[in-house]
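Novice: The structure follows.
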Amino acid sequence: MAIVSSDNWGIRLRVARALSKFDNPQARAAVSYLAKDPDHRVAGATLEASL
């Protein structure tokens with residue numbers, strides 16, 4: 001999924017929030033990838049979604 005590697009942190013943030021609502025292997029893998037994002041806002045969004 002190319003969009004999870006976008007240069008724009010805002011897009012990655014929205015993708016993290018959106019994909020966290022889905023329960024399938026591809027979405028979980030993408031969220032896991034985004035959890036290691038260098039931008040704290042993106043990584044934080046994955047953590048918030050897991051609460």
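The values are calculated or read from the model by the stated rules, or taken from the named source; none is laboratory data. Note that this is a predicted model, so its numbers are computed, not measured. These accessible areas exclude ligands, DNA and RNA; they are computed on the full protein's heavy atoms, side chains included. Shrake-Rupley method; radii C 1.70, N 1.55, O 1.52, S 1.80 Å.
Novice: Inspect the range 10-32 for any residue being modelled with pLDDT of 95 or more and acidic (Asp, Glu) and give the result as yes or no.
Specialist: No, the range 10-32 has no match at all.
Novice: For the range 3-41, name all the residues that are open to solvent by 90 Å² or more (accessible area, probe 1.4 Å) and of a type in the set (A, V, I, L, M, F, W, C). Working first, answer last.
Specialist: Of all residues in the range 3-41, those open to solvent by 90 Å² or more (accessible area, probe 1.4 Å) come to 7, 9, 14, 17, 21-23, 25-26, 28, 33, 36, 38, 40-41.
Result: 9, 22.
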